[in-house]
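This report concerns only the one structure given below.
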Amino acid sequence: MKRLKWNVLIYSVLFVVVLYMTLNEYSPIWIVGATFVAFLIAFTTQFYYPAVLDKRVDRVESFLRSQKKNPALYIQYVLANRLEDEMNTVMEQLMSKNKRVTAQAPFKAAYGLYLKDMAAVHDAVPHIRYSDYRAYYETALLVEEGKSAEAREHLESIKKQWMRSALLAEVERKAGNSEAAVKYAKEAIDASGGVQRYVLHKEYERTLPQAVGRVS
């Protein structure tokens, strides 16, 4: 409801501005420019900021819950909250919408990792286009196979701080080093924003509650 109110406000303001400029015979270039800026602001506040930058988990959750018609985003909410009854449906939507193997690969890898289906992750990894994400899942496979030394070495190629820290947190957690695991988990959360921060936060609520301040 709050998001709808913001949309109504933004587009109402845009309408008023364009109407004012038109009635006062502003140059079409200025009108087009003002419209573009308004749409850019709307996109940033309503989509880019909550998806990528927002640090508030509750706001990101609200954003994700509103994305049911966008399976590429909604799958993050479904997996983070382990909504078993929705997973197959959303994955089918993703596979139907994205026919290319390279487009399907990141989702298959994430789903396989969630299911602990390492064979599925292994099959998907070679088709992941972005090097950091490919290395992330390659390292995750090494962690699941108990090859911690190889995992530590492999993750050094990853540029994204949150990925490196999240992987190190999992290495330390599996080794029973809870203090180090919590340290790296906090680093991963601090280095992330938007949807990725939300996913990490929800995962650590279950596996490393000390990292998110939830100790039962």
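The values are calculated or read from the model by the stated rules, or taken from the named source; none is laboratory data. A quick note: this is a predicted structure, and the numbers were derived from the prediction, not measured. So basically every Cβ, Gly included, is an ideal-geometry build from the backbone, and we count neighbours across all protein chains shown. Just so you know, the surface numbers come from the protein's heavy atoms only, side chains and all, with ligands and any DNA or RNA stripped out. Shrake-Rupley method; radii C 1.70, N 1.55, O 1.52, S 1.80 Å.
Among the listed pairs Lys108/Lys202; Lys174/Lys202; Lys108/Lys159, which have their C-alpha atoms separated by more than 28 angstrom in this model?
none
Roughly how many percent of the accessible protein surface of the stretch 64-150 is carbon and sulfur, given a 1.4 Å probe and a whole-percent answer? Walk me through the numbers on the way to the answer.
Details: 2430 of 4840 Å².
Here it works out to 50 percent.
Give the peptides 205-211, 195-201, 145-151 in descending order of average Cβ contacts within 10 Å, highest first.
Output ranking for 205-211, 195-201, 145-151: 195-201, 205-211, 145-151.
Whole-Å semi-axes of the stretch 136-216's equivalent ellipsoid, largest first, each the root of 5 times a Cα gyration tensor eigenvalue?
Details: eigenvalues 76, 45, 18 Å².
Result for the stretch 136-216: semi-axes of 20, 15, 10 Å.
If you take the charge dipole of the stretch 166-216 about its Cα centre, with +1 on Lys and Arg Cβ and -1 on Asp and Glu Cβ, which of Val212, Ala175, Ile189 is farthest toward its positive end?
Toward the positive end, the furthest listed residue is Val212.
With θ set to phi - 60°, apply the Karplus curve 6.51 cos²θ - 1.76 cosθ + 1.60 along the stretch 140-146 and write out the HN-Hα couplings as whole Hz, x wherever there is a Gly or Pro.
Once rounded to whole Hz, the list reads 4, 4, 4, 4, 5, 7, x.
Please give the FRET efficiency for Glu179 paired with Arg82, using the beta carbon to beta carbon distance and R0 = 25 Å, rounded to the nearest 0.05.
0.40
Given charges of +1 on the Cβ of Lys and Arg and -1 on the Cβ of Asp and Glu, with all other atoms neutral, how large is the dipole of the stretch 70-166 about its Cα centre, in debye to the nearest 20? Intermediate values should be presented prior to the final figure.
Details: 13 positive and 13 negative charges, 87 e Å.
Roughly 420 debye for the stretch 70-166.
Estimate the FRET efficiency between Met118 and Gln161 by the formula 1/(1 + (r/R0)^6), using the beta-carbon distance for r and 30 Å for R0, to the nearest 0.05.
Once rounded, the FRET efficiency stands at 0.75.
Would you mind pulling out the separation of the Cα centroids of the stretch 76-102 and the stretch 151-165, in Å?
Here the answer is 26 Å between Cα centres.
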